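A.B. asks: Handing you a structure now.
Derivation of every value follows stated rules applied to the coordinates shown; laboratory data play no part. Model, not experiment: these values are computed from the prediction. Cβ: placed from backbone, ideal geometry, glycine included. Neighbour counts: every protein chain shown.
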Amino acid sequence: MSQTYDDRIPSISTRVQSKFNLPSDIFCIDIMDGCAGYIKALKVASLLESKGYKKIIIIAGEINSLMTSKSDVGTRILFGDGISISIIEADDSSFDAIILNNGDHKNTISCNIKESKLNMNGVEVFNFTRHKVPNLISSFLNKTKKTLAHYDLFAVHQASKLVVDNICSTLNYQNKLCDNFLCGNIGNLGSGSIGAWLANIKDLEKKDKINMLATGFGSGISWGVASIVVEINKNEIIYV
């Protein structure tokens with residue numbers, strides 16, 4: 001799950017499969033998506049589970065410096081380099097997700113391959129996160145007949161502290177186990193940011209099963225929300 005890669009062919013997923021000497025019959029797929037990508041990957045994982053796959057690895061994130069080195073400083077300081085790795089195992093817990101897309105012909109968030117320069121209309125992005133994302137969360141909760149109080153964690157894509165604080169303030173929510181924003185020292189990792197946020201939560205692996213609501217949003221333009229049960233066996237950050 002990435003938008004930054006060195007080669008178009010072969011796929012990243014098959015190279016990972018070969019690197020770790022995984023069986024040749026595993027299902028490999030590359031998804032080129034932005035900050036809503038983790039939600040989309042969870043949805044794909046759910047579909048694979050329904051077909052009998054018991055364990056899924058989601059590798060998500062970006063080497064953003066490849067796109068931001070030529071960007072203006074206001075954009076450049078928001079992003080970091082890194083990936084998150086999630087190993088998801090099938091069980092009998094429930095899963096639900098909504099993913100929405102609206103083709104971005106205005107280039108609100110864009111990066112031309114030849115230029116390799118990430119451009120972002122900050123005002124449009126902020127307005128998008130201010131209205132579309134909270135509305136989707138509220139719609140999802142109404143559909144599922146739940147409230148945010150039902151969830152132990154509310155994972156918001158770590159776009160920036162301003163954006164995360166604004167969404168949580170609009171929804172009148174504060175996580176009890178941690179801060180809503182935890183990636184100030186890492187930066188926005190795109191589709192990897194939710195995993196990075198989870199990895200920053202101390203002692204999470206000591207908790208019992210956790211009901212989590214997660215939302216991702218960004219380039220595309222796309223935005224989504226997913227409800228998932230989290231039971232973490234190992235949770236850590238590795239700096240390289």
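A.B. asks: Give the separation of the Cα centroids, region 1-78 to region 99-137, in Å.
C.D. replies: With region 1-78 and region 99-137 each reduced to a Cα centre, they are spaced 20 Å.
A.B. asks: Another question, then. Averaging over all projection directions, find the projected area of the Cα convex hull of the chain and quote it in nm² with one decimal place.
C.D. replies: So the mean shadow area of the Cα hull is 13.2 nm².
A.B. asks: Determine the calculated [θ] at 222 nm for the chain from helices alone, applying -39500 (n - 2.57) to every DSSP H run no shorter than 4 residues and normalising by the residue count; nearest 500 deg cm²/dmol.
C.D. replies: -8500 deg cm²/dmol
A.B. asks: Something else about it: Of all trypsin sites (Lys or Arg not before Pro) in region 1-38, which ones are in loop regions per DSSP and have a Cβ with at most 14 other Cβ atoms within 10 Å?
C.D. replies: For trypsin sites (Lys or Arg not before Pro) across region 1-38 that sit outside H, G, I, E and B with at most 14 neighbouring Cβ atoms in 10 Å, the list reads Arg8.
A.B. asks: Dipole magnitude of the chain about its Cα centre, charges +1 at Lys/Arg Cβ and -1 at Asp/Glu Cβ only, in debye to the nearest 20?
C.D. replies: 340
A.B. asks: Find which of Met67, Ile57, Ser93 sits farthest along the positive direction of the dipole of region 42-93, computed with +1 on the beta-carbon of Lys and Arg, -1 on that of Asp and Glu, about the Cα centre.
C.D. replies: Met67
A.B. asks: Give, as a single signed number, the net charge of other residues whose beta carbon lies under 12 Å from the beta carbon of Gly37, with Lys and Arg counted +1 and Asp and Glu -1.
C.D. replies: Computed value for this residue: -1.
A.B. asks: What does the charge count near Asp25 come to, summing +1 for each Lys or Arg and -1 for each Asp or Glu among other residues with Cβ under 15 Å from its Cβ?
C.D. replies: Every neighbour counted, the sum reads +3.
A.B. asks: Please identify, among Glu49, Glu115, Glu124, the residue showing maximal mean-square fluctuation in a Gaussian network model of the chain using a 10 angstrom Cα cutoff.
C.D. replies: Glu115
A.B. asks: With Cβ to Cβ distances under 13 Å as the rule, what net charge do the other residues near Ser2 carry (K, R +1; D, E -1)?
C.D. replies: The answer is -3.
A.B. asks: If you take the alpha carbon radius of gyration of region 1-47 and divide it by 2.2 N^0.38 Å, what ratio comes out, to two decimals?
C.D. replies: The value comes to 1.21.
A.B. asks: Also, I was wondering about something else. Of the residues Asn119, Asn142, Asn64, which exhibits the maximal mean-square fluctuation in a Gaussian network model of the chain defined by a 10 Å Cα contact cut-off?
C.D. replies: Asn142
A.B. asks: Take the chain, connect every pair of alpha-carbon atoms lying under 10 Å apart with a spring to form a Gaussian network, then pick out the residue of Ser86, Ser18, Ser169 with the largest mean-square fluctuation.
C.D. replies: Fluctuation is largest for Ser18.
A.B. asks: Show log10 I(q)/I(0) for region 168-225 at q = 0.16 Å⁻¹, two decimals, from a solvent-free Debye sum over equal Cα scatterers.
C.D. replies: Here log10 of I(q) over I(0) equals -0.59.
A.B. asks: Next question. Using the Karplus equation 6.51 cos²θ - 1.76 cosθ + 1.60 (θ = phi - 60°), what ³J(HN,Hα) coupling, rounded to whole Hz, does each residue of region 82-95 give in order, writing x for Gly and Pro?
C.D. replies: The phi angles translate into x, 9, 10, 10, 10, 10, 10, 10, 6, 8, 9, 6, 7, 9 Hz.
A.B. asks: Go through region 41-54 residue by residue and turn each phi into a ³J(HN,Hα) via Karplus (6.51, -1.76, 1.60, θ = phi - 60°); whole Hz please, and just put x for glycine and proline.
C.D. replies: For region 41-54, the Karplus curve yields 5, 4, 5, 4, 4, 5, 5, 5, 4, 5, 9, x, 6, 9 Hz.
A.B. asks: What do you get for trypsin sites (Lys or Arg not before Pro) in region 90-174 restricted to DSSP loop and a cutoff of at most 16 other Cβ within 10 Å of the site's Cβ?
C.D. replies: Lys106, Lys114, Lys145, Lys146
A.B. asks: Once amide H atoms are placed 1.01 Å from N in the peptide plane, what residues at a sequence separation of 5 or more from Lys146, or on another chain, have their amide H within under 5 Å of its amide H?
C.D. replies: none
A.B. asks: Another question, then. Taking θ = phi - 60°, what integer Hz values does the Karplus form 6.51 cos²θ - 1.76 cosθ + 1.60 yield along region 99-112, in sequence order, with x for Gly and Pro?
C.D. replies: 10, 10, 9, 8, x, 8, 7, 8, 6, 4, 10, 8, 8, 6
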